Structure formats: C-alpha cells, structure tokens
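Single-structure report; data block below.
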Amino acid sequence: MILRAAKYSVLLFVFLCVTGVSAYLTLTYLIKSEDSVIVPDLKGRDVVYALEILTDLGLNIKVKGSEYSNDIAKNHVIVQEPGPGKEIKAGRDVRILLSKGTRTIFMPDLTGLSLRRARLAIQENGLCGGQVSYTHPQTSFARDDIISQTPDPGQWVHRGSCVDLLVSLGPLRGAYKMDNLGGLSLDEAVNLIEKSNLVVGNIKYAFNRSKPEHTIIDHDPKYGYRVMEKDSVDLVVNRNPDQPKGAAGVNASLQSVFSYRLEPGFFKKRVQVHLVMGNVSGEIYDNLLGPGSELWLIVPSHTKATILCYVDGELVMSQLYTP
C-alpha cells in the first residue's frame, strides 16, 4: 500500500509539473505573439501631435497632470512614461505631463479695448478678472472701453494674478430740467427738444376734446423731471381720428403726406416708419398691417425731413421732403 501511494504521488507531481510548464509556455507564446511598439519621443511636442502619433501606433494617451515650465511651451509635453525608445505592447497607455507655459508673463495692454474683449484677453493669458470700476472719462473713451488697468501693461505678472479694470461710462452728459411741451405744436416741440440737446423719441396720437387739436397733450419724461443730454422724449399729439386724411397739422401748407401700400400676400407684416429731421429722429409708426393695406402719414415740411419705411425690419422705401 505504501509503495502504491508513493507511486501515485510521483505520478501526480509529474502531471502538475507538465501542466505548469505547458501553461507557462502557452502564456509566453501568447505574450510574444502580441504586436510590440517602440514608444516615440514626445518631449516638446504639442498635445495634438502626441495624440495623433500615439493613435497611429495603436497606443493610448493619458494626461497625468500639468505644471508650469520656462522651457516647454504651453500645452506641450514635458515628460512621458514610458520613455522614448521603450518597447511596449499595442493598446498600452503612455502617460504624459503637459506644460502650462511660463509662470510669469508680460501684462498685456488692455487700454482702449471693450470690456468684453479685455475679459477674453485676461482669460487667454491665464489671468483672473479683478475689480471693475466705472467712471466718466476726461478724454474721449467710448462707453464700456477700458480707461486703465492694474497691473500696468508691460509688467511681469504671475499667471493667475487678478487684473482690476477702470471702465468708461462714456462722455459726461449735461443734466437739464424737462421743459413743459404741453400746448405746443409738433413743430414747436421738436425744435425745443433739439435746442435742449435731447432726441425726439416715439410720436403717438390721441384725442382729447378739451385740448386744442394738433398740439402736444402729453410727453415723457414729464415736465420738471431731470433729463440727461441725448435722452429721448416721447410725444403724444392731439388728433381727431375722424378728421379726413391730409387735414391733420397746424398748417396745411406746412404738411406733406407719406403713403405706402403693402404688396398682396397672405400674412400680416410689421411696418415701421422713422422720421429724420436734422440731427433728430424718431419712430412715428409701428404696427402690423395686412396684405394690400395702405398707410397714410402726415409729415411736417417746414424743414428738410427724410422718411424711412421698414417692413419686417428691412428698409423698403425712403423719401426726402424739402420746404
């Protein structure tokens, strides 16, 4: 019995040895049968190039981080693992460390840029937006333009530093007390608005039997309110809706008629009419009209005026009126 047990033990040991050797040889054969790839040198190459070359070789790229470098440009490879010349199997990973660029840069000059463009430049240079202050400039800076900055242009600054901006509110405008336009004719009101360095806004019509026709019965801003230079003033003119076309106005000899007919079709269109007289302009009509509708408007002709007619935002007609 002892001899038989020893015999079986020896046979079992031999079987296990043969099985192990066979498995080892099989695994070694399979590993050696995989394609081998020589890792290229990626140092100093940009990340797009590294991605393309590794993909062509059947390798994967893994970005393990980034850090500042005075020698390697931004978004270029600083080091890699495995190193160049190493032989690895296809499908394996190559880990790279990318550069953030230099830690310090010359502060760009943002003066004169719009606030939006300045913020883009700050972001592109790895800086952060600091405090934004507003003021009326003493010199000619348009609204939202950068007047000055801190740090000053040309200084060496660390990436991540914050930039404070002083932004223009535009030229300082004069302040006025709104005149009383009530009871004036449209011509008189427009002249007074122009002399006050204000702008004619929307002109609308309403009817009040207790007030003289063709005079201003309301305006916005109201009488006595504080207004700034170049603010617009909306007017409401007293006009009888039953009055025949062409009869509206203070003096028929100082009036002209503008007319426009929409083309036939199927849908209503938005019609806007702008009146331009000298340096003032305003919208005198804005409404939806059906196909084939005809529009009639009274235009003051005591001075040179231009009518601009828009249909769905497109200029379709312009007409010049002269005294």
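The values are calculated or read from the model by the stated rules, or taken from the named source; none is laboratory data. Just so it is clear, the structure is predicted and the values come from calculations on it, not from any experiment. Glycine gets a Cβ as well: all are built from the backbone with ideal geometry, and neighbour counts include every protein chain shown.
Things worth noting here:
So that you can scan it fast, the table gives a plain yes or no per residue for (1) over 19 Å from H214 (Cβ atoms); (2) surrounded by fewer than 16 Cβ atoms within 10 Å (Cβ to Cβ); (3) modelled with pLDDT under 80; (4) basic (K, R):
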| site | (1), (2), (3), (4) |
| --- | --- |
| L262 | yes, no, no, no |
| G278 | yes, yes, yes, no |
| S293 | yes, yes, no, no |
| S301 | no, no, yes, no |
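- A single member of H214, H219 is modelled with pLDDT of 90 or more and assigned by TED's automatic domain parsing to the domain that holds I284, and it is H219.
- Of note, D187 satisfies the criterion of being surrounded by 18 or more Cβ atoms within 10 Å (Cβ to Cβ) and either closer than 29 Å to Y68 by Cβ or not basic (K, R) (or both).
Here's the yes/no breakdown for (1) within 30 Å of I61 (Cα to Cα); (2) among the hydrophobic types (A, V, I, L, M, F, W, C):
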site: P108; (1), (2): no, no
site: T111; (1), (2): no, no
site: G126; (1), (2): yes, no
site: L181; (1), (2): no, yes
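- Residue within region 98-115 that is surrounded by 18 or more Cβ atoms within 10 Å (Cβ to Cβ) and in contact with a His (Cβ under 8 Å, 6 or more places away or on another chain) present: yes
- Considered as a group, the residues in region 233-259 that are part of a strand (DSSP E or B) and modelled with pLDDT under 85 include one that is farthest from W296 (Cα to Cα), and that residue is Q255.
- Among strands (runs of 3 or more DSSP E) entirely within region 150-189, having at least 3 residues that are within 30 Å of L235 (Cβ to Cβ) singles out 175-177.
- Qualifying residue in region 143-163 (condition: at negative phi, exposed (fewer than 15 other Cβ atoms within 10 Å of the Cβ) and touching a Cys at 6+ places or on another chain (Cβ under 6 Å)): yes
- The set of residues in region 203-236 that are closer than 23 Å to I307 by Cα and among the aromatic types (F, W, Y) contains only Y205.
- Annotation: of all residues in region 89-112 being among the aliphatic types (A, V, I, L, M) and modelled with pLDDT of 90 or more, the one that is nearest to G160 (Cα to Cα) is M107.
- Conditions (1) modelled with pLDDT under 85; (2) under 30 Å from T102 (Cβ atoms); number of the one not met by V21: (2)
- Positions within region 43-85 being basic (K, R) and surrounded by 14 or more Cβ atoms within 10 Å (Cβ to Cβ), in sequence order: K43, R45, K74
- Odd one out for H136 among (1) surrounded by fewer than 18 Cβ atoms within 10 Å (Cβ to Cβ); (2) outside the structural domain of V163 (by TED's automatic domain parsing): (2)
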